[in-house]
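The values are calculated or read from the model by the stated rules, or taken from the named source; none is laboratory data. Nothing here was measured: the structure is a model prediction, and the numbers come from that model. Please note: Cβ atoms are built from the backbone with ideal geometry, for glycine as well, and neighbour counts cover all protein chains shown.
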Amino acid sequence: MSLPSQVRLIEVGPRDGLQNEAQPISVADKVQLVDALSNAGLGYIEVGSFVSPKWVPQMAGSAEVFAQIQRKPGVTYGALAPNLRGFEDALAAGVKEVAVFAAASEAFSQRNINCSISESLARFAPIMEAAKQRGVTVRGYVSCVLGCPYEGTVAPEQVAMVARELYAMGCYEVSLGDTIGTGTAGATRRLFEVVSAHVPPGKLAGHFHDTYGQAMTNIYASLLEGIAVFDSSIAGLGGCPYAKGASGNVATEDVVYLLNGLGIETGIDLDALIAAGLQISAVLGRPTGSRVAKARSAQ
């Protein structure tokens with residue numbers, strides 16, 4: 001199968017990346033990061049999350065971040081909104097697109113959000129209805145699609161069931177997440193083969209963590225299955241607080257380097273992206289998680 005000619009990247013660093021940081025990060029630093037990502041040419045940036053600060057302290061300033069960023073025309077600034085209260089708060093902050101998340105594993109769903117998969121999907125019904133009425137688009141996430149820290153292997157058919165439900169509810173796109181990073185290329189291709197029978201491939205995205213060093217290989221495997229949307233995180237920020245040993249998301253810089261090498265258009269300036277990643281890494285007081293940025297910096 002021929003590779004897609006264009007790929008859309010969903011930048012999740014400001015939300016999925018920063019939410020797991022132990023040290024407080026100022027609103028000003030978050031705003032600076034989002035603006036740098038906008039200027040680098042990213043068309044979709046997940047800016048924050050409207051959840052209880054009790055559960056995710058780092059996302060407490062999301063409304064202030066939305067109020068201060070320089071919004072560029074044509075760029076989507078999204079946010080996670082796991083319940084109706086979060087959805088209303090997101091709308092008040094001027095958010096035009098929200099994301100909801102479910103798990104493909106029952107055990108992970110119980111430990112992460114204290115309810116079953118079917119209960120979590122039922123909770124989204126009022127959000128979907130409110131979003132339809134208010135003209136807000138909704139993106140869906142499915143976690144643990146290639147493995148669960150509690151259950152081990154997750155059947156592709158189970159992922160397909162959850163993805164199909166989210167799509168049927170009105171999610172315009174469903175992102176399949178390898179939360180603990182155990183997936184391999186063969187399993188990734190099989191996953192998209194199975195799920196594509198229930199949700200059109202053009203409505204699916206890949207979200208890969210690099211815990212086992214397989215994220216780039218899995219992205220290439222996904223491209224072979226016609227997937228043309230991927231979530232990535234600047235400087236490889238992030239992990240999962242509920243998944244033991246889950247390291248960061250795949251670094252946006254590394255994905256852009258791969259796609260550039262394949263002649264696939266992204267519209268992203270790699271040098272500007274590397275600069276943004278080095279900047280936020282300096283704020284956090286640690287080296288970037290991007291191999292491309294490390295190599296370029298050493299030259």
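Being of a type in the set (A, V, I, L, M, F, W, C) and at pLDDT below 95 is the filter; apply it to the range 260-299 and report the residue that is farthest from residue 34 (Cα to Cα). Walk me through it before giving the result.
Taking the range 260-299 first, the residues of a type in the set (A, V, I, L, M, F, W, C) are 262, 264, 268, 270, 272-276, 278, 280, 282-284, 292-293, 295, 298.
With the extra rule that they be at pLDDT below 95, the set shrinks to 284, 298.
On the way: 284: 15, 298: 25 Å.
Looking at residues that are of a type in the set (A, V, I, L, M, F, W, C) and at pLDDT below 95, I get 298.
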Next on the checklist: Just checking, does the range 187-206 include any residue being modelled with pLDDT under 95 and out of contact with any Lys or Arg (no Cβ under 9 Å at 6 or more places or on another chain)?
Outcome noted: no
Checklist entry - Right, residue 283: among the hydrophobic types (A, V, I, L, M, F, W, C) and buried (at least 19 other Cβ atoms within 10 Å of the Cβ) or not? => result no
Checklist outcome for this item: Every listed condition ((1) of a type in the set (A, V, I, L, M, F, W, C); (2) surrounded by fewer than 20 Cβ atoms within 10 Å (Cβ to Cβ); (3) under 28 Å from residue 165 (Cβ atoms)) holds for residue 75 save (3)
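Among the candidates 125, 160, 187, which residue alone is in contact (Cβ under 8 Å) with a residue 12 or more places away in the chain, surrounded by fewer than 16 Cβ atoms within 10 Å (Cβ to Cβ), assigned to a helix (DSSP H, G or I) and out of contact with any Phe, Trp or Tyr (no Cβ under 6 Å at 6 or more places or on another chain)?
125
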Next on the checklist: surrounded by fewer than 17 Cβ atoms within 10 Å (Cβ to Cβ), within 26 Å of residue 116 (Cβ to Cβ) and among the acidic types (Asp, Glu): is that true of residue 64 in this structure?
Outcome noted: no
Next on the checklist: Checking the conditions here, which among 91, 80, 84 is within 30 Å of residue 184 (Cα to Cα) and of a type outside the set (Phe, Trp, Tyr)?
Outcome noted: 80
Checklist entry - Among (1) in a loop (DSSP other than H, G, I, E, B); (2) surrounded by 17 or more Cβ atoms within 10 Å (Cβ to Cβ), where does residue 35 come up short? => result (1)
Checklist entry - How about the range 246-275: which of its residues are touching a Gly at 6+ places or on another chain (Cβ under 9 Å), buried (at least 24 other Cβ atoms within 10 Å of the Cβ), part of a helix (DSSP H, G or I) and hydrophobic (A, V, I, L, M, F, W, C)? => result 273
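Output yes when any residue across the range 199-209 is of a type in the set (Lys, Arg), more than 19 Å from residue 47 (Cα to Cα) and touching a strand residue (DSSP E or B) at 6+ places or on another chain (Cβ under 9 Å), and no when none is. First the steps, then the outcome.
First, the residues of the range 199-209 that are of a type in the set (Lys, Arg): 203.
Adding the requirement that they be more than 19 Å from residue 47 (Cα to Cα) leaves 203.
Now drop any that are not touching a strand residue (DSSP E or B) at 6+ places or on another chain (Cβ under 9 Å), which leaves 203.
Checking the range 199-209: at least one residue is of a type in the set (Lys, Arg), more than 19 Å from residue 47 (Cα to Cα) and touching a strand residue (DSSP E or B) at 6+ places or on another chain (Cβ under 9 Å).
Could you check how many residues of the range 57-81 are closer than 23 Å to residue 9 by Cβ and either in a loop (DSSP other than H, G, I, E, B) or touching a strand residue (DSSP E or B) at 6+ places or on another chain (Cβ under 7 Å) (or both)?
Pass one, the range 57-81, residues closer than 23 Å to residue 9 by Cβ: 58-59, 62, 65-66, 69-81.
Now drop any that are not either in a loop (DSSP other than H, G, I, E, B) or touching a strand residue (DSSP E or B) at 6+ places or on another chain (Cβ under 7 Å) (or both), which leaves 59, 62, 65-66, 69-81.
The number of residues fulfilling the criteria is 17.
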